[in-house]
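Structure first, then comments.
Throughout, read-outs are computed from the coordinates displayed, never taken from laboratory work. Everything numeric in this text was worked out from a predicted model, so none of it was measured. Please note: Cβ atoms are built from the backbone with ideal geometry, for glycine as well, and neighbour counts cover all protein chains shown.
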Amino acid sequence: MNTVRKNITMPIDTYEIINNYAKKCGMSFSEFLRETALKTIAKNENLNLLEYLNSNVSFMDSQEQEETEALNIDFDDLNGKELTLDELLQD
């Protein structure tokens with residue numbers, strides 16, 4: 001397996017928190033970061049659009065709310081297709 005070595009910078013207290021927790025889990029610091037990153041990616045890749053938006057987008061301000069309301073969108077009209085995140089992000 002090919003590997004790559006990366007250096008990261010973080011505050012010492014952050015390092016100590018992560019390293020101590022990794023030790024409690026029986027993992028090295030690097031192994032813990034790899035596993036946690038991969039789990040986070042897999043979880044986020046499998047979110048539906050609503051879950052993704054709720055996790056990553058803040059509520060709109062009053063001006064944006066007014067602009068949206070001016071579009072007269074019927075949010076009770078459930079006709080349509082739910083898009084996956086992959087479909088939404090395609091070119």
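The 3J(HN,Hα) values that the Karplus relation (6.51, -1.76, 1.60; θ = phi - 60°) gives for segment 29-45 are, in residue order, 4, 4, 4, 4, 4, 4, 4, 5, 4, 5, 5, 5, 4, 4, 5, 5, 5 Hz. Gly and Pro appear as x.
Of the chymotrypsin sites (Phe, Trp or Tyr not before Pro) found in segment 1-84, those in coil by DSSP whose Cβ has at most 13 other Cβ atoms within 10 Å are 59, 75.
Rg/Rh, computed from the Cα trace of the chain with Rh as the Kirkwood radius, has the value 1.16. Which values, in whole Å and largest first, are the semi-axes of the equivalent ellipsoid of segment 46-91 obtained as the square root of 5 times each eigenvalue of the Cα gyration tensor? They are 22, 16, 10 Å, listed from largest to smallest. Comparing 23, 43, 81 in a Gaussian network model of the chain, where Cα atoms under 10 Å apart are tied by springs, the biggest mean-square fluctuation is seen for 81.
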